[in-house]
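Following: one structure in structure tokens, then a few remarks.
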Amino acid sequence: MARLTAILLAAIAGVASGITKEKLSDWLYSSKGLNVWRVDADKIANREYMKLSSCRVTLDMLQALKDSMYSTSKLGLSKQEVQANIFQLAEQHVDPENLVLLYTNFYSTSSADLSPKSKAQGVAMELAKKKVSGKDIPVLWKILYSISGVNLPKSEAQRWVVDLTAAGANSQKLLDSYKDNFKRMDKAAAFKAAIADSVDSNLYGLPTRYAKDIKPYVAKEFQTYYHDQWLVEWLAAPKEKRTAQDGHDYIASEFQTYFGDSWNTKWAASPVAEQKRIAADGKTYTMQEFQAYYKDTWQQEFFKSAEIADECAFLNNAACSAARDKCIWKFTGDWTDSCILKTSKAAETSFEADFHAGVARRTPTNVRGREWIAN
């Protein structure tokens, strides 16, 4: 937490800077970074820096991820495994603390006890990219594996704890629904009903995900349309985001984290965000364009692609000027991160007051822009 706090305070003070090819190469070559040969550092930097810049990734963010991935007290990945995964994690704005929490709770023998270790590491990284929180894993595990809960065989409980964590299941609703349904139906049927109820009740049933037709639906609608396949489709579907007062886009659970009890009213009042990602060809596409090209596999391709931080990211001077109602040009020495979101003075003043009053904080993503978010 101290490391992440330092990163965020640096961003507030305005000292966090975007990634240039030269800075990235130096970090890759350094012992604090990935400690690769200089020739390899140059090649990797040349390949990655523009995408990282368009995702608003900073060296501080990369350092926090590397420390979480490489430390033996955290994920404990090898140097080669860190190098193979760090850029995709960074480009999808993975929170290092949540990544460690997911791994710890999946791997711990007092929780899900996923083994071998590589399985827990892989699951943690995949769910972290999808912005799945790891905090409820121990509670879900106890419900699934204990005699006071569903009491599944261990291997079955391990499979379900991963899927239900990814689905956003409400753990208390899962237990209550299972016990209630088990009074009048067999175990399998009671568990099936409880799964549907627990996902449907999460965050008041407000979160939506994008089905294959690129339209957003709540869990209940997935259940109605897809029947027995609804959970498979739900897990494959990207989450809806909405644009908060700071101009950045967040999923429903992030609204809840930052806005607290009033999150649902702020969510309802916020516009649906247009999500863009960088495809394999290096170009930026909307969700609709992914679907038009990839058809029924668009969701998988979308998840694999780098996440554009905001609508001003990666715009050159001319494009930034054309979007001057939302963006402002502040040249950093590198055009790829010089176009940033313009926050209204009223919103900025309000958020700064909230921050200093202790009721707002910086988010761990998109540190180049103005991203004050109230708790």
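See the values below:
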| item | result |
| --- | --- |
| Residue list for the stretch 22-41, filter: surrounded by fewer than 18 Cβ atoms within 10 Å (Cβ to Cβ) and assigned to a helix (DSSP H, G or I) | Glu22, Lys23, Asp26, Arg38, Val39, Asp40 |
| The stretch 302-328: number of residues that are part of a loop (DSSP other than H, G, I, E, B) and closer than 27 Å to Ala280 by Cβ | 11 |
| Residue identified as assigned to a helix (DSSP H, G or I) and either in contact (Cβ under 8 Å) with a residue 24 or more places away in the chain or open to solvent by 40 Å² or more (accessible area, probe 1.4 Å) (or both) among Val162, Val150 | Val162 |
| Hey, Thr349 modelled with pLDDT under 50, part of a helix (DSSP H, G or I) and surrounded by fewer than 15 Cβ atoms within 10 Å (Cβ to Cβ) or not | yes |
| Unmet requirement for Met50, which otherwise passes all of (1) without any contact (Cβ under 8 Å) to a residue 40 or more places away in the chain; (2) open to solvent by 10 Å² or more (accessible area, probe 1.4 Å); (3) in a helix (DSSP H, G or I); (4) not acidic (Asp, Glu) | (1) |
| Whichever residue in the stretch 286-314 is crowded, with 22+ Cβ neighbours inside 10 Å and out of contact with any helix residue (DSSP H, G or I) (no Cβ under 7 Å at 6 or more places or on another chain) and, among such residues, is modelled with the lowest pLDDT | Asp310 |
| Criterion violated by Lys130 - all others in (1) basic (Lys, Arg); (2) without any contact (Cβ under 8 Å) to a residue 40 or more places away in the chain; (3) open to solvent by 60 Å² or more (accessible area, probe 1.4 Å); (4) under 25 Å from Pro238 (Cβ atoms) satisfied | (2) |
| Flag for Asp60 being farther than 18 Å from Ala84 by Cβ, free of Cβ contacts under 8 Å to residues at least 40 places away in the same chain, surrounded by fewer than 23 Cβ atoms within 10 Å (Cβ to Cβ) and not basic (Lys, Arg) | no |
| Among (1) open to solvent by 60 Å² or more (accessible area, probe 1.4 Å); (2) within 23 Å of the chain's Cα centre (by Cα); (3) within 20 Å of Gln291 (Cα to Cα) - the single one Leu206 does not satisfy | (3) |
| Test result for Ala157, of a type in the set (A, V, I, L, M), more than 23 Å from the chain's Cα centre (by Cα), open to solvent by 30 Å² or more (accessible area, probe 1.4 Å) and more than 30 Å from Gln288 (Cβ to Cβ) | no |
| Residue in the stretch 238-258 that is at pLDDT 95 or above, assigned to a helix (DSSP H, G or I) and more than 28 Å from Ile340 (Cα to Cα) present | no |
| Tally of residues being in contact (Cβ under 8 Å) with a residue 40 or more places away in the chain, over 23 Å from Ala306 (Cβ atoms) and surrounded by fewer than 19 Cβ atoms within 10 Å (Cβ to Cβ) across the stretch 63-120 | 3 |
| In the stretch 191-215, residue farthest from Ser146 (Cα to Cα) [restricted to those that are touching a helix residue (DSSP H, G or I) at 6+ places or on another chain (Cβ under 7 Å) and assigned to a strand (DSSP E or B)] | Tyr210 |
| Residue in the stretch 182-199 that is open to solvent by 30 Å² or more (accessible area, probe 1.4 Å), over 30 Å from Asn264 (Cα atoms) and in contact (Cβ under 8 Å) with a residue 24 or more places away in the chain present | yes |
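The values are calculated or read from the model by the stated rules, or taken from the named source; none is laboratory data. What you see is a predicted model, and the numbers here were worked out from it, not measured in a lab. Glycine gets a Cβ as well: all are built from the backbone with ideal geometry, and neighbour counts include every protein chain shown. Ligands, DNA and RNA are excluded from the accessible area calculation, which covers all protein heavy atoms including side chains. Shrake-Rupley method; radii C 1.70, N 1.55, O 1.52, S 1.80 Å.
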